[in-house]
Amino acid sequence: MKLKVVTIFTLFVVLTLSGGTIADRVPNQTPENQVFSIDSVIDVTGAVDDKTSMSWVLASPGSIPEGILDAEQVIADVTYKDSILTNGGKLAENKNFAFDSRDQLNGLYNIESEKVLTYASTEGAHLVGEEEYTLSVAGNYSGTEDDIRCVFSEGNAAVLPAFCNIVSAKSAQVNINSAQISTKGQIRAVAETADIPAEVNYQIAVTPDANSGSGFAEGTVKTVFAGSIMEARDGGDDNYALDGTTEDGEATWNKTSAENTWKDTTEVTGGIRTLQKAFAYQSGFVL
């Protein structure tokens, strides 16, 4: 079966629900920051086992909490994984991974990775691979005196509400006999000001190996894009207190006002002429 799939999946979230529901606030950088990159170039006929992974957790203000978040505290949990494994065959790969823990502006990212590989089976060998980007951001209520105010937020509210959002982009290759595969991923989880949104971008393209002569990539490719969003509301009350209660004592900052979960999956098997998937996610304040 010959397959051609082209999909662009974009989720741009700046406000999940009007009338006071707020999107992500991301933590800011620590005084000591890290910047590093890893570049890999592989050209080999034989077995290959190549893996890169990173787990990053950051909270502000204060330290990473063991239990419930403190007032005004935000925490970001980032996971990145990439692996390929072959039991033979010819592999050419160029991969670049870069990490920067400093505050980032729009258009800049804490994690960026790009990969291009070409694989051709010999003597029945196969390639398997997997890549994953996950961003989880959660925050407790925060005062608005020194912070940005959402235009849909109640004008007199003194508190920005709690939220808990997680998104992920994954791809997997199974029993690849011949293919050219390129991927690109980006995550922004740290910023100095609340008007810079959390962001995840991911792209994958699978095309034939030009040297194969068949005109098709051969194997199985899967992608999964998923998210779970939970948002509370501000109180919209003149007497809204910094402890998250209104005049009548009812707390709203910690009560879920909006939920949505979503998932996009694709799996193709056989002779693949084209497979392209693109995913874009932002969650932040509306100015």
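Among the candidates Gly139, Gly124, the residue that is small (Gly, Ala, Ser), open to solvent by less than 10 Å² (accessible area, probe 1.4 Å) and modelled with pLDDT under 95 is uniquely Gly139. Give Lys277, Lys263 a once-over and let me know the one that is at pLDDT 85 or above, open to solvent by less than 10 Å² (accessible area, probe 1.4 Å) and assigned to a strand (DSSP E or B). Only one candidate qualifies: Lys277. Scanning segment 193-208 for residues that are in a strand (DSSP E or B) and hydrophobic (A, V, I, L, M, F, W, C) returns Ala198, Val200, Ile204, Ala205, Val206.
In segment 7-32, the residue that is modelled with the lowest pLDDT out of those that are of a type in the set (Val, Ile, Thr) and not in a strand (DSSP E or B) is Thr16. With the structure loaded, tell me whether Thr52 is at negative phi, at pLDDT 85 or above and within 21 Å of the chain's Cα centre (by Cα) or whether it fails that test. So Thr52 fits the description; yes. The single condition among (1) in a loop (DSSP other than H, G, I, E, B); (2) at pLDDT 95 or above; (3) surrounded by fewer than 18 Cβ atoms within 10 Å (Cβ to Cβ) that Val190 does not meet is (3). Give me a count of the residues in segment 79-113 that are open to solvent by 30 Å² or more (accessible area, probe 1.4 Å) and either without any contact (Cβ under 8 Å) to a residue 40 or more places away in the chain or more than 19 Å from the chain's Cα centre (by Cα) (or both). Number satisfying all stated conditions: 6.
Residues that are assigned to a strand (DSSP E or B) and among the polar types (S, T, N, Q) within segment 33-70 comprise Ser37, Ser40, Thr45, Thr52, Ser53, Ser55, Ser60, listed in sequence order. List the number of the failed condition for Asn177; all other conditions in (1) within 30 Å of Gln104 (Cα to Cα); (2) at pLDDT 95 or above; (3) polar (S, T, N, Q) hold. Here Asn177 clears every test but (1). When segment 51-78 is limited to residues that are surrounded by 11 or more Cβ atoms within 10 Å (Cβ to Cβ) and among the charged types (D, E, K, R), the one that is nearest to Glu112 (Cα to Cα) turns out to be Asp77.
Scanning segment 196-221 for residues that are under 18 Å from the mean Cα position of the chain (by Cα) and open to solvent by 40 Å² or more (accessible area, probe 1.4 Å) turns up just one, Gln203.
The values are calculated or read from the model by the stated rules, or taken from the named source; none is laboratory data. If you're wondering where the values come from, they're calculated on a predicted model, not measured in any experiment. When we count neighbours, we look across all protein chains shown, and the Cβ atoms used for this are built from the backbone with ideal geometry, even at glycine. Heads up: the accessible areas ignore ligands, DNA and RNA and are worked out on the full protein's heavy atoms, side chains in. Shrake-Rupley method; radii C 1.70, N 1.55, O 1.52, S 1.80 Å.
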